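Below is the structure I would like to discuss, written out as structure tokens.
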Amino acid sequence: MKKVLRVGVLALAGVAAVLLVGAAWAGTAREAKSATQVTLSAKLTPFTAAFAGRAVVRATSDATAVINATGAGKGNVVGASKITGIGAGFQGDPCSTFTGKGTMTGKLGKLNFTLNPGAKACSASSDPNKNAITATAKVTGGTLKFRKARGTLKITGIYDRGTGKFTATFKGAITL
């Protein structure tokens with residue numbers, strides 16, 4: 001009788017262990033599924049925006065400058081917005097390079113971005129005062145709707161060194 005009872009207790013303990021392992025595995029599977037759903041729910045959203053404004057470029061040496069830019073425009077995700085940026089420019093031939101950070105601010109919040117290495121402004125052959133701007137920017141969050149925003153945007157535009165006016169178009173995809 002003791003032998004049967006001992007076998008029964010061991011069998012019951014084995015069943016309990018299997019149930020605990022199964023429950024733990026199911027919890028892990030639920031957590032993994034939840035993490036996957038969170039990742040999938042943060043889908044890429046197409047992003048386009050266009051801005052125009054003025055950039056003040058102040059030389060700090062023969063080869064470097066401080067850049068402050070402000071403007072206004074709108075985009076499909078940010079709506080009507082103001083854009084601001086601050087950075088540094090480095091004289092080059094045929095293209096100058098620049099770095100910096102910026103924000104797009106509207107009713108939905110503030111979207112932050114940082115220019116990736118390789119941003120450049122190249123003189124147009126038809127008008128040496130006009131520079132073609134090409135860059136990419138990393139979206140680095142923000143406020144309100146854009147708090148968790150991430151992505152990469154391609155920037156193209158024109159900067160007129162004579163007037164300080166610029167136009168810039170942002171295209172890409174972000175997650176919100």
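The values are calculated or read from the model by the stated rules, or taken from the named source; none is laboratory data. Just so we're clear, the structure is a prediction, and the values are computed from it rather than from any experiment. Cβ atoms come from the backbone with ideal geometry, glycine included; neighbour counts cover every protein chain shown.
Is it fair to say T167 is among the hydroxyl-bearing types (S, T, Y), at pLDDT 95 or above, under 15 Å from A50 (Cβ atoms) and more than 20 Å from the chain's Cα centre (by Cα)?
Considered against the rule, which asks whether it is among the hydroxyl-bearing types (S, T, Y), at pLDDT 95 or above, under 15 Å from A50 (Cβ atoms) and more than 20 Å from the chain's Cα centre (by Cα), T167 comes out as yes.
This table checks each residue for (1) hydrophobic (A, V, I, L, M, F, W, C); (2) buried (at least 18 other Cβ atoms within 10 Å of the Cβ); (3) assigned by TED's automatic domain parsing to the domain that holds T48.
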site: A72; (1), (2), (3): yes, no, yes
site: V78; (1), (2), (3): yes, yes, yes
site: F113; (1), (2), (3): yes, yes, yes
site: I133; (1), (2), (3): yes, yes, yes
site: T140; (1), (2), (3): no, no, yes
